[in-house]
Amino acid sequence: MKIASGLLTATLLVAQVPRTYQGKQEKLPREVAAQPVAFSHKQHAVAKLACADCHPGAGSKERAGLPAASRCLACHRTIAPDHPEVRKLSEFEKKGGRIPWVRVYQVPEFVFFSHASHTEAAIGCETCHGPVAERDVLAQEVSTSMTACMSCHAAREVSNDCQFCHALGF
Ligand code: HEC
Ligand code: HEC
Ligand code: HEC
Ligand code: HEC
Ligand code: HEC
């Protein structure tokens, strides 16, 4: 009886699996390694900066972009210059200015994603990244799986053709 009901359950489960793609499981929120300079979006909310002040491509380019040390030092040459994290900024500037930020959201190379078209479609940053401005430390909070992309596209009647997001022959 136990085996029979087990078989029945298994058969029902198989029958229920939709013939659509089932992506890999993401465990969210997904934390990332410590950033090279401690930066809090929440703490900077008082400065009333626009997201694009530090992520200049978010509205018009493929990549949103991440800030170099000079962007931070525009304020921090005078604000809290002796803070140990701020001192690290000067060190990075001496070495060319690039800061090796640890990525939080990233899709594989073979996926085409551009911020420009999504911002033009008036989709807010928080839809794909969560309430960033309320966070001291960022973790991945929203899925970037193929299923997540496709379900919004389906809901908004945007194409879900394979080559829309993948170059042919990947
Ligand atoms: C528009 C000016 C501005 C910019 C640009 C800016 N900050 Fe700040 N930052 C502030 C202000 C204002 C504070 C709050 C200072 C306070 O609480 O006394 C602050 C606080 C900090 C602190 C904490 C200092 C403390 O005393 O606790 C760190 C670390 C920091 N910022 C790092 C950064 C980094 C890294 C960047 C670049 C990605 C950056 N900031 C860009 C204005 C700015
Ligand atoms: C003062 C500069 C500054 C401002 C303003 C700012 N950010 Fe950031 N942002 C950073 C820095 C530095 C990082 C890299 C460190 C981190 O992940 O916390 C970052 C990381 C991110 C990431 C993760 C990037 C990745 O690796 O995938 C997202 C998403 C993001 N910011 C969204 C926003 C949004 C949305 C706003 C506006 C509400 C905003 N940011 C405003 C400096 C800023
Ligand atoms: C439709 C979903 C979506 C929206 C809306 C969106 N993002 Fe992203 N964002 C992503 C994805 C997906 C990635 C990873 C891209 C990659 O790996 O090429 C990403 C990456 C980033 C990064 C990492 C650096 C980079 O350039 O890839 C930052 C910073 C970022 N987003 C900020 C923002 C900001 C600020 C906004 C609002 C103006 C925003 N995003 C709106 C999906 C979105
Ligand atoms: C919240 C809804 C939403 C999510 C999530 C979303 N998209 Fe889109 N996407 C749209 C809309 C709306 C458009 C149509 C924009 C237009 O009309 O140009 C679009 C357009 C596109 C385009 C074609 C325009 C261009 O940029 O060349 C690509 C490619 C694309 N999305 C890829 C992705 C990928 C990859 C993901 C997941 C990482 C994703 N999208 C997640 C809503 C979404
Ligand atoms: C709206 C964008 C979008 C469309 C349309 C799309 N994909 Fe994807 N695809 C993605 C994203 C994003 C990933 C990466 C997911 C991740 O981070 O693992 C992916 C990953 C993949 C992978 C790698 C394996 C995996 O499961 O991650 C394959 C294979 C794939 N897609 C095939 C297809 C095929 C075949 C189609 C057409 C039926 C298609 N994709 C349509 C966005 C899309």
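Annotations
- Calculated log₁₀ intensity ratio I(q)/I(0) where the Debye formula runs over C-alpha points of region 103-170, q = 0.12, 0.13, 0.16, 0.22 Å⁻¹: -0.35, -0.41, -0.62, -1.12
- Our coupling estimate for region 63-69, obtained by passing each phi through the Karplus curve with A = 6.51, B = -1.76, C = 1.60 and θ = phi - 60°, is 9, 5, x, 10, x, 8, 4 Hz, Gly and Pro reported as x.
- Ranked list, fewest to most other Cβ atoms within 10 Å of each Cβ, for Arg71, Arg156: Arg156, Arg71
- Under 11 Å, Cβ to Cβ, from Ile99 - net charge with Lys/Arg +1 and Asp/Glu -1: +2
- Estimated inter-spin distance, Glu26 and Ser143, nm [label 7 Å along Cα→Cβ]: 0.8 nm
Values quoted throughout were computed directly from the atomic coordinates according to the rules given, and no laboratory measurement underlies them. Note that the structure is predicted; figures quoted are calculated from it, not measured. Heads up, the Cβs are rebuilt from the backbone with ideal geometry, glycines too, and the neighbour counts pull from every protein chain shown.
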